[in-house]
Amino acid sequence: MICRQLLLSAMDVFCYIIGCEQTQKGAVIDPGEDAERIFTKVNELGLSLDYILNTHFHLDHTGANAELQALSGARVAMHAEDVPLYGRPVDITLQEADRLPLGNLEIRVIHTPGHTPGGVAFYLQGKLFTGDTLFVKDSGRTDLPYSHRETLGASIRKLMELPKNTRVYPGHNYGPTRTSTLEQEQIHNINAHEYGFARTS
């Protein structure tokens, strides 16, 4: 599996390029800005984009959707509950437990409301792209319109049911490292006890 993490300048957003090595089918997760830079990297990797995947509707994660779609022809995907807040049509309306084929890979959609009503995480091959739900040693904001703290906690507890060695790829570069694991977050996340996902043994 191909996986590249790009740090975008605005608000330290992480954008991800993922792809199938055998078929060269690819997807971009959260293109917040700089579509040309993202598309140049996609081409360097030899990928053909199938999807533009959004973890949620906020502009810092969706700002380059239209331009990247124009460059690549990829389909924009977002959870049904965030589409009205996004205010633009999308090509694929996501739901909990959807499975998106990507060459020989399969992307699992996990609904993670709390930061936004339609927040999602994307899971494949032991990698979890968490958007603004779970950060390294922290979690997403819940003081924004449409956010809800208890709901976010429930979403993170759901993510913690995945294997503990799952690699976490967050939506922002807000922590001491660029990635983590679910096991590390159970130990070190500042919200682990409040949200009830701290490791007990």
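So for region 45-56 (the condition being closer than 20 Å to Gly171 by Cβ, of a type outside the set (S, T, N, Q) and touching a residue at least 60 places away in the same chain (Cβ under 8 Å)), does at least one residue qualify? Yes, some residue in region 45-56 is closer than 20 Å to Gly171 by Cβ, of a type outside the set (S, T, N, Q) and touching a residue at least 60 places away in the same chain (Cβ under 8 Å). Ile17 meets all of the listed conditions (1) closer than 23 Å to Glu106 by Cβ; (2) part of a loop (DSSP other than H, G, I, E, B) but one, namely (2). The residues listed here are Ala10, Ala74, Ala27; of these, the one that is modelled with pLDDT under 95 and either among the β-branched types (Val, Ile, Thr) or on the phi < 0 side of the Ramachandran plot (or both) is Ala10. The strands (runs of 3 or more DSSP E) found entirely in region 94-201 that carry 3 or more residues being touching an Asp or Glu at 6+ places or on another chain (Cβ under 8 Å) and either crowded, with 16+ Cβ neighbours inside 10 Å or at pLDDT below 95 (or both) are 105-111. Take Ala70 and decide whether it is under 22 Å from Lys41 (Cα atoms), out of contact with any Leu (no Cβ under 8 Å at 6 or more places or on another chain), hydrophobic (A, V, I, L, M, F, W, C) and surrounded by fewer than 20 Cβ atoms within 10 Å (Cβ to Cβ). Spelling it out, Ala70 is indeed under 22 Å from Lys41 (Cα atoms), out of contact with any Leu (no Cβ under 8 Å at 6 or more places or on another chain), hydrophobic (A, V, I, L, M, F, W, C) and surrounded by fewer than 20 Cβ atoms within 10 Å (Cβ to Cβ).
Criterion applied to Gly26, Gly32 was being within 15 Å of Cys3 (Cβ to Cβ), of a type in the set (Gly, Ala, Ser) and touching a Cys at 6+ places or on another chain (Cβ under 9 Å), and the one residue passing it is Gly26.
The values are calculated or read from the model by the stated rules, or taken from the named source; none is laboratory data. Values in this document were obtained by computation on a predicted structure and should not be read as measured data. Positions of Cβ are generated from backbone atoms using ideal geometry, with glycine treated the same way; all protein chains shown enter the neighbour counts.
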